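Values quoted throughout were computed directly from the atomic coordinates according to the rules given, and no laboratory measurement underlies them. Only a predicted model underlies this, so the values are computations on that prediction, with no experimental measurement involved. Using ideal geometry, Cβ is built from the backbone for each residue, glycine included, and neighbour counts are taken over all protein chains shown.
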Amino acid sequence: MPPVSKDFYVQVRNFPKRKLLLKRGVAGNDYFTYSEEVGCDVWGLLCSIKEALYEPVGLWLPDSLCLPGTSRYAQGVEVPDDYSGVIPEGFDLMDLPECKMMMFQTAPYDDLHFEEVIMNLSEVIDNYDPTPFGYGWDDEIAPRFQLDPQGWRGYIEARPVKEVLLADIYYENQG
């Protein structure tokens, strides 16, 4: 297998109304700076949340979900909308609305090259145009997130989208 494949897959998934249990940072705007700031114990604590809808995520909060004096990057886990479990000290619980997420996944890769894979896919997403498929970015409704990079399954990152009418895009580009 080549060190890093340029192959990736895209799908749109519906996410229900839910809550996000998260640990915010102050200055960290990516995984590495966040981990230096808050330590590595956050992930293990998030993995222990029995009510989690799926695995913990690293996430980039939209402006609408950032609090003054906190960073954009955080780690968290989504839980059911009716979650009433423990909120660990230093964590927040916030509501997330129903939304659609465009999920990007790379081909499997050698774990030695995870940083390159992450950077490549993040660049692809930043330059990706979802409009030919009837979607536009909806960066204020929910966080963009990444799953734990694991070479056997490929790297997975998701970004919120909204349905758009192609006619609206046509007229928007005309004016």
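Every residue, every condition in (1) surrounded by 15 or more Cβ atoms within 10 Å (Cβ to Cβ); (2) hydroxyl-bearing (Ser, Thr, Tyr); (3) under 16 Å from Pro143 (Cα atoms), yes or no:
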site	(1), (2), (3)
Arg18	yes, no, yes
Asn29	no, no, yes
Leu46	yes, no, no
Gly58	yes, no, yes
Asp63	no, no, yes
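Specify which of the listed residues (Glu78, Glu55, Glu36) is in a helix (DSSP H, G or I) and closer than 23 Å to Tyr155 by Cβ.
The unique qualifying residue is Glu36.
Would it be correct to say that Lys23 is assigned to a loop (DSSP other than H, G, I, E, B) and out of contact with any Pro (no Cβ under 7 Å at 6 or more places or on another chain)?
no
For the subset of the stretch 97-134 comprising residues that are within 28 Å of Val79 (Cα to Cα) and among the charged types (D, E, K, R), which member is surrounded by the most Cβ atoms within 10 Å (Cβ to Cβ)?
The extreme case among them is Lys100.
For residues in the stretch 69-86 being among the hydrophobic types (A, V, I, L, M, F, W, C) and surrounded by 13 or more Cβ atoms within 10 Å (Cβ to Cβ), which is farthest from Glu36 (Cα to Cα)?
Val79
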